[in-house]
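Each reported figure results from applying straightforward, stated rules to the coordinates on display, with no laboratory input. A quick note: this is a predicted structure, and the numbers were derived from the prediction, not measured. Here Cβ is always computed from backbone atoms with ideal geometry, including for glycine, and neighbour counts include all displayed protein chains.
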Amino acid sequence: MSPSLTHWIRRAGLVLGLVLTQSLHAAPAALPNVATDQTIGTINCASSTCHGSIAPWNESNVLQNEYTTWSRLDRHAKAYTVLLNKQSQRIAKNLGLAQPAHESKICLDCHSHNPDSKNRGPRHVVSDGVSCEGCHGPAGKWVTSHTVANVPHAENVANGLYPTSRPVEQAKLCLSCHFGNDDRFVTHRIMGAGHPRMAFEIETFGALEPAHYKVDADYVRRKGEYNPVRLWAIGQAYASQQLLDTLASSKRGRDGLFPELVLFDCHSCHHPMSEQKASLRLGVGSGRVNLNDNNLLMLRAIVRVIDPANSAAFDRQVSQVHHAVAGSAEQRAADPVALAKNLSATIGRYMNRFEQETFDAAVLRNILLALLDETSANQYANYAGAEQAYFSISSLTSSLIKQGGLAASGPVTQRLTSMRKALANEDKFRGEQFLTEVAAMRALIPAQAK
Ligand code: HEC
Ligand code: HEC
Ligand code: HEC
Ligand code: HEC
């Protein structure tokens, strides 16, 4: 299609006005790396009249400069390049890989869009890293329809466009690389070989990428409401499920005699012995390895507000899994795998509920307070917990400000900055300071409520 024709069709679409075409409960979509359509290659998206404009267009539905944003600012565009650096060479050597990192499927599966060879068009190259099609799905079938103005979004999705605008599907996509799934996974062995620890919170990371889309009235008309708090909540629920499902998985849950260690708090083990840090997380007790429960802690705060009647039961379920995994006296007879599966199923039901939840300013404020209250119980005293709490507190605070429920003020910003400082060095984590800042933030929220 000639550029001017594409342009004209887009303008015509604007004149006609697009009809709301969101289909709410579509079937789960195949992730881009396993979808069977043809991958055509990033070069097909990059023209200055498609998504490679230098500046955003005013007269278009979408910004049109997505490629420019991605290639200049988004780490995903560099994800392949990091496989060529010294750190990657060392990881590959330590793992004893037969090929260098940038040729090894185990690395390429996350550091690029790496579909099966039979699904690759001639212009696709893995050196594009995590490319447009790595998130939006192989474009073989949707490339034509998505440039035609009056074609509804749902039809593009039916043609294989991955439904990134649906929170559950988006969480599934991001976490398939930022935590892993049955097809790709960073194990403790890979981390031991030198791979960085993974930290993730979908709303924060989506903004950090940075976002190459703008949620405006036109976006909502085409794709439905966009609610960052819902995205955050669903992200917490989905990540918790991933932890529990991996724990219960016979494929990924074990490594020899040991459980897969990435499911546990890294700093349970990785700290100097001289540092007496008996962590009493959820009452599990000292001398035990704690599950990496940072997402589950956030989820407890959400459930406390959304479903107060069942919140104690939910907390109990979380605590039972903890105790069973750690082999505490009270749960020694319990089967941790069965308990993990049960909790995962409960979370699945909450996830459906979050999809319907509006998360207005009052609900949001209460969630934020519930989350900050957990500090008094000393729950974020470990690094990963504090880090996840920080991502969440900063995301929710900024949503509350945008919703008009909190004044944007110097003190709020200061508290966030100090929390970030306390987290700056993982090996010298200043837990006390972090908790002090969280308590100060707890006092600010009601004081500055609007
Ligand atoms: C399950 C997906 C996954 C797999 C498999 C994987 N990685 Fe990564 N890797 C990531 C993610 C996600 C990050 C970014 C972590 C962050 O910054 O939060 C990352 C980060 C890195 C970094 C640090 C990059 C930087 O900018 O500092 C290196 C180096 C790296 N990976 C190398 C490898 C190598 C080599 C392999 C193969 C042995 C590999 N990775 C396998 C997902 C993966
Ligand atoms: C890491 C995943 C990821 C990558 C890589 C990625 N996108 Fe996106 N993209 C998203 C998400 C998430 C959204 C927001 C949800 C939505 O609207 O579907 C989005 C939204 C969009 C939109 C929709 C804006 C709107 O108003 O409807 C366009 C257009 C787009 N991306 C184009 C691109 C192009 C072109 C590339 C490659 C240069 C690219 N994306 C790479 C994840 C990604
Ligand atoms: C195909 C795998 C893959 C998918 C899907 C993916 N990512 Fe990533 N992401 C990576 C890798 C690999 C890196 C590390 C790249 C590097 O450091 O150069 C990364 C890095 C990032 C970073 C930069 C982190 C940092 O430390 O600076 C952000 C932010 C990010 N991803 C957000 C997202 C979001 C949000 C989504 C979902 C919309 C997503 N990613 C989906 C593989 C993926
Ligand atoms: C149950 C205890 C335990 C947990 C939990 C654990 N590790 Fe380890 N880790 C070990 C042991 C044991 C070694 C091997 C140490 C050696 O070879 O001397 C190791 C080795 C490593 C190494 C190689 C460097 C070294 O010290 O030898 C890295 C890096 C690492 N782990 C990162 C992590 C990360 C990241 C996490 C959390 C996602 C984590 N570990 C969770 C016990 C643990």
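For the reader, a short list of remarks on this structure follows.
- Remark: relative contact order (the chain) = 14 percent; criterion is Cα-Cα distance under 8 angstrom and separation of 6 or more residues.
- Coil-residue trypsin sites (Lys or Arg not before Pro) of the stretch 199-241, DSSP, other Cβ within 10 Å capped at 15: LYS214
- The order of ASP360, ASP245, going from fewest to most other C-beta atoms within 10 Å of their C-beta, is ASP360, ASP245.
- Straight-line reach from LYS172: taking Cα to Cα under 23 Å and skipping same-chain neighbours fewer than 8 places apart, the lysines in range are LYS78, LYS105, LYS141, LYS214, LYS223, LYS251, LYS341.
- Residues whose amide H comes within less than 5 Å of that of LEU291, counting only those at least five positions distant or on another chain, are ASP265 (H built at 1.01 Å from N in the peptide plane).
- Computed over the alpha-carbon pairs of the stretch 69-197, the distance histogram in 5 Å steps reads 2, 10, 17, 21, 19, 14, 8, 5, 3, 1, 0 percent, short to long.
- Karplus-derived 3J(HN,Hα), 6.51/-1.76/1.60, for each residue of the stretch 285-294, Hz, glycine and proline x: x, 7, x, 10, 8, 8, 4, 6, 9, 4
- Contact order normalised by residue count of the stretch 84-241, Cα under 8 Å, 6+ apart, percent: 22
- Loop-resident GluC sites (Glu not before Pro) (DSSP state other than H, G, I, E or B) in the stretch 59-135 with no more than 10 further Cβ atoms inside 10 Å of their Cβ: GLU59.
- Distance from the alpha carbon centroid of the stretch 371-404 to that of the stretch 78-125 works out to 35 angstrom.
- Taking ALA301, ALA340, ALA211 as the candidate residues, the one with maximal mean-square fluctuation in a Gaussian network model of the chain, Cα springs under 10 Å, is ALA211.
- Within the stretch 60-164, trypsin sites (Lys or Arg not before Pro) in DSSP loop having at most 14 other beta-carbon neighbours inside 10 Å: ARG123
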